[in-house]
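Visitor: Supplied in structure tokens, the structure appears directly below.
Only the coordinates and a few stated rules stand behind these numbers; no lab work does. Here the structure is a predicted model, which means the values were calculated and not measured. Note: ideal-geometry Cβ built from the backbone for every residue, glycine included; neighbour counts use all protein chains shown.
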2 protein chains.
Amino acid sequence: MSKRMEPGRTNPEQVGTPTGLSRTLAASASEVNEGHKNTDGGESESRLRRPPVDRRVFLQGAVAGVAALALPRQGRAGADDLSPVWAEIEKRHDEAVARLQEWIQQPSIAAENRGVNEGCDLTMRLLREAGFEKVTKVPTDGQPGIFATLDAGAPRTLGLYFMYDVKQVDPSEWSSPPWAAALVDKPGLGKILVGRGAVNQKGPEATFLAALHALRGAGRKPPVNFVLVAEGEEEIGSPHFPQIVHRPEVESALKGTFGIFMPFAAQDLDGRVTMYLGAKGVVELELVSSGERWGRGPRRDLHSSYKACVDSPAWHLVEALTTLVSADGNEPAIEGYVDKVRPLSAAEKAMVAEAARRLDEGLAKKQMGVDHWVHDVSFEESLELLVSRPTVNIEGLVGGYTGPGGKTILPHRAVAKLDLRLVPDMTAAEALAALKAHLAKRGFGDIEANMSGGYDPTSTPADSAVIRAATSVYRRVQIDPIILPRLAGSWPGYVFTGPPLRLPAGHFGLGHGNGAHAPDEYYVIESKNSNVQGMDGAARSYVEYLYELAQTS
Amino acid sequence: MSKRMEPGRTNPEQVGTPTGLSRTLAASASEVNEGHKNTDGGESESRLRRPPVDRRVFLQGAVAGVAALALPRQGRAGADDLSPVWAEIEKRHDEAVARLQEWIQQPSIAAENRGVNEGCDLTMRLLREAGFEKVTKVPTDGQPGIFATLDAGAPRTLGLYFMYDVKQVDPSEWSSPPWAAALVDKPGLGKILVGRGAVNQKGPEATFLAALHALRGAGRKPPVNFVLVAEGEEEIGSPHFPQIVHRPEVESALKGTFGIFMPFAAQDLDGRVTMYLGAKGVVELELVSSGERWGRGPRRDLHSSYKACVDSPAWHLVEALTTLVSADGNEPAIEGYVDKVRPLSAAEKAMVAEAARRLDEGLAKKQMGVDHWVHDVSFEESLELLVSRPTVNIEGLVGGYTGPGGKTILPHRAVAKLDLRLVPDMTAAEALAALKAHLAKRGFGDIEANMSGGYDPTSTPADSAVIRAATSVYRRVQIDPIILPRLAGSWPGYVFTGPPLRLPAGHFGLGHGNGAHAPDEYYVIESKNSNVQGMDGAARSYVEYLYELAQTS
């Protein structure tokens, strides 16, 4: 059961992606609802307080019955007339939906090694059809990645991050089959596409490709060139993503970009958007206590009566665990673990204070199923902890007999599954080393600490182009995004933002979906909710974003 | 998952029976091997050092090819000539084997509510056929028990304890189907019967019935009258056994007995027998920590990133657990828990010292898969701990995500499965109360302590007739039993030895078997190992025991 970070090993659980994470303060409940039936796919998602005054301006498009966003043009200096592009988006709507359906109908699940190569090939074809000229498969020790470029003859080049894999499914839990990609009417929301990958991440990605098709259909070249990297292992913790990004030709091409962008459906049901200037790092690991390694206790399960004269590896694990945190389980107590924690800056604290003012604490607690923050701190303090504190969390305990009732054994082995969330300037390697040294110093050196996945924190400056352009476009449609210093979850942006690339990296996109990692995952195709955009409006937002990026220095 | 002691509730794991337990110092490895494939059914079982000189005297019977023990008659004053009985045992050998096979071929598994009524009815018929006159089914809130009497017109009456249920099976793990009751040649051992219940407990019980048939066949009446109680829930912790024993007519009949006896296959592979003057009590329970009960932490699983600002029921459980034991996990630290522990008497210490001299420490450790006793104590001290110390053992830990790899959740619930072994004068009720009070006093009152089964310790005086008669018969065949103050495991003898009955209770029987609770459970039918008796020899030992009891005051 113990796992180490090995080439080709897969971790069936995602370490944490920002996809869907912005649905709540830090992470979508859908991420942990996998396997639960009847997860509400929509209405329960509006966790954030609506702005006191709805200042959003939505203009209806020319085609009756289609909610189409026409972004006001006045915000962008030297604005081209994009109405031919908007017309192409509408004209090609059905084609764009069909493209997304085809993509979803091809399962590609790294955790099950299912359809990944087929999914990779299909994605490569979709990229070629959208105008990418050089599209190559990048082998890794695990599933292949994709490296693709589109030279639009533009002065500037944008990096793109795609994933083509999706999370596992239990079809019995779905009201519409996960690979059918059926269009379903959802009351109050409109026409949605239900399928695995609908929002995480094929929906937004396909919508971005639809934007490229529309540009070409309108006779335009994209306003920026593209360098795209894609992986097929995002849902298992991106174990081989560095092998893709740091290939010489890929890294060299990425060095020529001014930042990295991932298409995203950022809108909550009330239309609100939260932006994150980075994400925590993570170490996922198992602590394994065994009689064999310890040299005490039994090497195989014994009758429990022997506890009177034989040491217990399960108690040994429990005693080791208690040394890792404060007595209330809330403060990390691993020696040296927090030494490199960089405190929040005044600017970051101001972001948190602003977010605390704008978010609804009662609603957040209700949606999370929580009555108290740790230490009963205020909402603002809880948000500060969320964005700034490293954690030591127990994901799972499993040892000895775990079935119904009891079984009279003294187990020879017990395991705690932990995840550690890291903030700058901690690193995954240093956190793991600190944990191991801590255990060894306290007489628990025999307990294995087997890391199964993880990576460093990622940070992107607020004044980087990818962030500023996103903010500008959101504000142009009267969405004032909440901005937080970082996501409390994790995504592998460190590959871009860390050395040697040191590029800014961010997410952007209007549109709405939900159910990542859960049953009935969906993406809104035609919105009847005036707060959120459908697929065409999301495509428009990508076009706007690209033009904005082209002129953001 | 939480369980309380409720009428009709079943606990699918046995709390601990002495059947097979004498196979080691305290408990058979087979008890914890259930579910493991290829458990060695025999050769690995000889854990105890062979006596330096083999003084056992075995006389071959008249029938060629059948190892038949003719017990020397000189030991028993006023001995009848039992040779007609011995002849009947041999004559009825095939009939006795067929009876055992029929019994085993009827599964009766309380944990699965499978065939229990049929098993009860069959057992009642077998008792009638063996000469019991009044055989009645005793309803309980769970599975029915049996109350039966046999009036032989003898001056004294013996109590008998039978169980008719058996442990669950996974047929795929068996080399011979568990319900086939096939006769198999086992190299070095002889002809064995393989099947669920073969040794635990139908084999010894059927052999005892064979002894009654032989007595009748030889025109003898049993030298004692019988009052028998049987239950069909031994393997789930005997939750309703008190309802059987304390029925007025049953309790009244039992009051007329001088002690309780359970047929048993007491011989190790080297022929040695260990006797126990009682057994520890036990409390099996689950400690359940949940956000819902606690009022802190989440009420359902959350994304793990929230650990930064949300309390963790899993850490809460770990912190509670550490308060229950000393820092090395070895000494109970539950307040008040050990207050009523009665220290070993000088006589009991002498028994342990004698056992330590006669047992092979190295072999015991090897068989247990253990290199060190707690605190690196001596063998004698380890045996003292085993028989005299109460325990707090972790049987299992189960919380949050327990599958392969990790899952980034903050679990809302975590469970520790514990068993507490109790020594006189502790009681199960007081132990549970002490645990609950301890947790409440330390801020863990929200953690549920759900007892799923258990009972008080049991003790029988060394000078009681059931013990003295057993010792006499063993010694008569040159077996010098090791005697220990108590079994470190548990059996529900307290129902007999506690108030109001206060009867001595013990096990006796030559013969050998193994694999209780494990695959390929067996009982030796025809022994080719000169150390152990087959079914006929075991039947002879029961006849001898009854005559010995008849004259032991």
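Visitor: Give me the inter-chain shielding for B:484-490: mean count of other chain Cβ atoms within 10 Å, whole number please.
Guide: If you average over the peptide's residues, the count of other-chain Cβ atoms is 2.
Visitor: Quick one: what are the phi-derived ³J(HN,Hα) couplings along the range A:167-182, Karplus 6.51/-1.76/1.60 with θ = phi - 60°, whole Hz, x for glycine and proline?
Guide: Per residue, the Karplus-derived 3J(HN,Hα) values read 7, 4, 9, 10, x, 5, 8, 9, 7, 10, x, x, 9, 7, 6, 6 Hz.
Visitor: For q values of 0.08, 0.09, 0.10 Å⁻¹, compute log₁₀ I(q)/I(0) with the Debye formula on a Cα-only model of the protein assembly as shown, without solvent.
Guide: Each listed q maps to, in turn, -0.84, -0.95, -1.08.
Visitor: Which whole number gives the average, over all residues in B:509-521, of C-beta atoms from other chains lying within 10 Å of the residue C-beta?
Guide: Across the residues of B:509-521, the mean count of other-chain Cβ atoms within 10 Å is 0.
Visitor: In what sequence, highest mean first, do A:348-355, A:456-463 appear when ranked by Cβ atoms within 10 angstrom?
Guide: Descending packing order for the listed peptides: A:456-463, A:348-355.
Visitor: Can you bin the range A:453-553 into rounded, prolate or oblate? Criterion: square roots of the alpha carbon gyration tensor eigenvalues sorted a ≥ b ≥ c, rounded for a/c under 1.5, prolate for a/b above b/c, oblate for the rest.
Guide: Oblate is the answer for the range A:453-553, as a/c is 1.5 or above yet b/c matches or exceeds a/b.
Visitor: Other chains near B:409-419: what is the mean number of their Cβ atoms within 10 Å of each residue's Cβ?
Guide: So the per-residue partner count for this stretch is 6.
Visitor: Could you tell me how many cubic angstrom of Cα convex hull volume the range B:275-376 has per residue?
Guide: Each residue corresponds to 195 Å³ of Cα convex hull volume.
Visitor: Kindly provide the Kirkwood hydrodynamic radius of chain A in Å, to one decimal, from all pairs of distinct alpha carbon atoms.
Guide: In chain A this quantity evaluates to 24.3 Å.
Visitor: Can I ask one more? Enumerate the whole-percent occupancy of each 10 Å bin, from 0 to the last occupied one, for all C-alpha pair distances of the range A:349-470.
Guide: For the range A:349-470, the pair-distance distribution reads 10, 26, 29, 24, 9, 2, 0.
Visitor: In addition: Over chain B, what relative contact order in percent results from Cα pairs under 8 Å that are six or more residues apart?
Guide: Value for chain B: 27 percent.
Visitor: Separate question: Taking the Cα centre of chain A as origin, sum charge times position over the Cβ atoms of Lys and Arg (+1) and Asp and Glu (-1), and report the length of that vector in debye to the nearest 20.
Guide: Approximately 540 debye in magnitude.
Visitor: Quick check on the range B:72-154: what does the Kirkwood estimate of hydrodynamic radius come out to from the alpha carbon pairs, in Å?
Guide: Kirkwood radius, the range B:72-154: 15.5 Å.
Visitor: Show me the ranking of peptides B:539-545, A:435-441 by mean Cβ neighbours inside 10 Å, starting with the highest.
Guide: In descending order of packing, they fall as B:539-545, A:435-441.
Visitor: Measure off 7 Å from each Cα along the Cα-to-Cβ vector at B:Asp151 and B:Val341, then give the distance between these two points in nanometres to one decimal.
Guide: 5.0 nm
Visitor: Under the classification rounded if a/c is under 1.5, otherwise prolate if a/b is larger than b/c and oblate if not, where does the range A:494-553 fall, given a ≥ b ≥ c as square roots of the Cα gyration tensor eigenvalues?
Guide: Oblate is the answer for the range A:494-553, as a/c is 1.5 or above yet b/c matches or exceeds a/b.
Visitor: Label A:Glu251 and B:Arg475 with points 7 Å out from Cα along Cα→Cβ: what is the distance between them in nm?
Guide: 8.5 nm
Visitor: Which distances in nm, rounded to one decimal and ordered from shortest, link the label point of A:Arg342 to the equivalent label points in the other identical copies, with labels set 7 Å from Cα toward Cβ?
Guide: Counterpart label points of A:Arg342 in the remaining copies fall at 6.9 nm.
Visitor: List the aspartates and glutamates whose alpha-carbon lies under 20 Å from that of B:Lys528, not counting same-chain residues fewer than 8 positions away?
Guide: In chain and number order, the partners are B:Asp40, B:Glu43, B:Glu45, B:Asp54, B:Glu90, B:Asp94, B:Asp185, B:Asp268, B:Asp270, B:Asp520, B:Asp536.
Visitor: Would you mind calculating the relative contact order of the range A:414-482 from Cα pairs under 8 angstrom and at least 6 residues apart, reporting the percent as a whole number?
Guide: 27 percent
Visitor: Then there's this: Measuring nothing but label to label, 7 Å from Cα along Cα→Cβ, what are B:Pro500's distances to the other copies in nm, shortest first?
Guide: Result for B:Pro500, in nm, nearest copy first: 9.1.
Visitor: If we hang a label 7 Å off Cα along the beta carbon direction at B:Glu249, how far is it from the matching labels on the other copies, in nm, shortest first?
Guide: Here B:Glu249 shows inter-copy label distances of 9.3 nm.
Visitor: Under a plain spin-label model, where a point goes 7 Å from the Cα along Cα-to-Cβ, how far apart in nm are A:Asp80 and A:Asp141?
Guide: Simple spin-label model gives 4.4 nm for this pair.
Visitor: Can you tell me the FRET efficiency between B:Glu118 and A:Val377 if r is taken as the Cβ-Cβ distance and R0 is 51 Å, rounded to the nearest 0.05?
Guide: Between B:Glu118 and A:Val377 the formula returns 0.25.
Visitor: Label point 7 Å out from A:Ala440 along Cα-to-Cβ: which residues of the range A:306-325 have amide N under 19 Å?
Guide: Residues A:320-321, A:323-324 qualify, since their backbone N sits under 19 Å from the label point.
Visitor: Another one. Indicate the gyration tensor shape class of the range A:142-252 (rounded, prolate or oblate), computed on the Cα atoms with a ≥ b ≥ c the square roots of the eigenvalues: a/c under 1.5 is rounded; otherwise a/b larger than b/c is prolate and the rest oblate.
Guide: Oblate shape, in that a/c is at least 1.5 and b/c is the bigger or equal ratio.
Visitor: To continue, here is another question. For the range B:365-409, take N as its residue count and report Rg(C-alpha) divided by 2.2 N^0.38 Å.
Guide: 1.81
Visitor: Amide H neighbours of B:Tyr401 under 5 Å, counting only residues 5+ apart in sequence or on other chains, H built in-plane at 1.01 Å?
Guide: Close amide H contacts, sequence-distant or interchain: A:Gly396, A:Leu397.
Visitor: Tell me the net charge near B:Ala230. Cut-off is 14 Å between Cβ atoms, B:Ala230 excluded, with +1 for each Lys or Arg and -1 for each Asp or Glu.
Guide: With Lys, Arg at +1 and Asp, Glu at -1, the net is -1.
Visitor: Next up: With the cut-off at 12 Å, report for the range B:180-223 the share of all Cα pairs above it, as a whole percent.
Guide: Percentage above 12 Å: 68.
Visitor: In deg cm²/dmol and to the nearest 500, what is the mean residue ellipticity at 222 nm of the protein assembly as shown if only DSSP H runs of at least 4 residues count, each as -39500 (n - 2.57), divided by the residue total?
Guide: -8500 deg cm²/dmol
Visitor: Based on the mean of other Cβ atoms within 10 Å per residue, sort peptides B:232-241, A:523-532 so the most packed one is first.
Guide: Highest-to-lowest ranking by the protection proxy: B:232-241, A:523-532.
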